[in-house]
Structures are given as C-alpha cells and as structure tokens.
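Peer 1: Would you mind keeping the following structure in view while I ask a few things?
The values are calculated or read from the model by the stated rules, or taken from the named source; none is laboratory data. Because the structure is predicted, anything quoted here is derived from the model rather than measured. Ligands, DNA and RNA are excluded from the accessible area calculation, which covers all protein heavy atoms including side chains. Shrake-Rupley method; radii C 1.70, N 1.55, O 1.52, S 1.80 Å.
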Amino acid sequence: VCSSDLGSAGVVALRARGHEVATIGRRAGVDTAVCDLGDAPAVRDAVRVLAEAGPCDAVVHLAARAHGFRGLSLDDLRRANVATTRALLDALAAAGLTSRVRFVLASSVAVYDLLDTTTPDRRTAPYAASKLEVEEIVRAEPFPRSSVLRFAPIYDREHLVDVAKRVYLPGTRL
C-alpha cells in the first residue's frame, strides 16, 4: 500500500477491519518504509525489511501517476507506472513473496479506451496504455491470487478543477 490519498484511505479501511498494515511510500513519519518506487534498489531493500519483520498475506499496489499527466509521452508514463510496478514485482520475487501473497492492483477505467477497439494505438492514450501494461505484467506473475481494480477517476481537493471541466454541480462554485 502507498501513502497517496487512495493509499491512505485504503490503510484506514484495512486497519478498521483488523488487518496489520505496512506501507511503502515517500512520506516519512507516515509510511513504514520510506522510498521512491522509481528507485528499484530502495524498493528491494524496503520489501526485504518488511518481509523480515513478519508474515505478509497480501500486497495492495495503489501507487501510480494518476494526475497531471497531460502532455506526458507513453515513455514518461511507463517510467511512472510500469517501471515502478516492475520494481515492486522484482522486489517481491527477490524476497520470496511472489508465490505466497495475494496481489491487488489499482488500475483505471481508462484502459477500456484501448480494450474497446479492434486496433488499439497505445500512443493515442498513453495513460491508459501504461495502466494496461501494468495489468499485463501483474497477470504474468505467479501470484496464487491476484485482482485488478479498475477505478473511475478519483479526485481530491487539489484536483477538483478537473471535475469542473467535466460536470456542472448545482449549488457549488464548480
């Protein structure tokens, strides 16, 4: 689990249900292990430390570049989403966890843009392409169980301006 807004909400929900939760993220004082998921050696070290601390039943991967990606290329989004997921998957394998944990991945409904066409061009929808590629590499791993959750856009206060571009909410300033 990561310490993003979605990750923070996930941690609260899992703890409320009695689960012990350890997180990997960038927020010192919030995350159990602090590192940038783009730093593969740091991710490997963080996963190793967490694995040595006690048993792990599941990994819930919620980290991704989900906002502010307009104008980014497919390569940029692959670095942000695919490479970070690959680093996590490699770290789980190095710690001997891949065959023992359930893996839950947060993806996006944006992938339907590529699945609903006979000739998908991943360059025309780079965010969707990066999320679909992440789904594909996760499905190729030998997890005993894995799930992909395709979320609709999630907005926080900082990103509500994006909502204003798409909807009219009576009684608000949006």
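Peer 1: Once amide H atoms are placed 1.01 Å from N in the peptide plane, what residues at a sequence separation of 5 or more from Ser147, or on another chain, have their amide H within under 5 Å of its amide H?
Peer 2: HN-HN under 5 Å from Ser147: Phe103, Val104, Leu105.
Peer 1: Still on this structure: Test of understanding: what is the full-extension gain from Arg150 to Asp39, defined as 0.36 nm times their sequence separation minus their Cα-Cα distance?
Peer 2: Gain on extension, Arg150 to Asp39, equals 37.4 nm.
Peer 1: Keeping all protein chains in place, calculate the accessible area per residue for segment 77-137 (probe 1.4 angstrom), answer in Å².
Peer 2: Each residue of segment 77-137 exposes 44 Å² on average to a 1.4 Å probe.
Peer 1: Please report, as a whole percent, how much of the solvent-accessible surface of segment 87-129 comes from carbon and sulfur atoms (probe radius 1.4 Å).
Peer 2: The C+S portion of the solvent-accessible surface of segment 87-129 is 49 percent.
Peer 1: Ordering Glu20, Glu136, Glu52 by how much accessible area each has at a 1.4 Å probe, largest first, what is the list?
Peer 2: These residues rank, largest area first, as Glu20, Glu52, Glu136.
Peer 1: For Val12 and Glu141 in one chain, what is 0.36 nm times their gap in residues minus the Cα-Cα distance, to one decimal in nm?
Peer 2: 43.7 nm
Peer 1: What accessible surface, in Å², does a 1.4 Å probe find on Asp5, ignoring ligands, DNA and RNA and rounding to the nearest 10?
Peer 2: Answer for Asp5: close to 90 Å² accessible.
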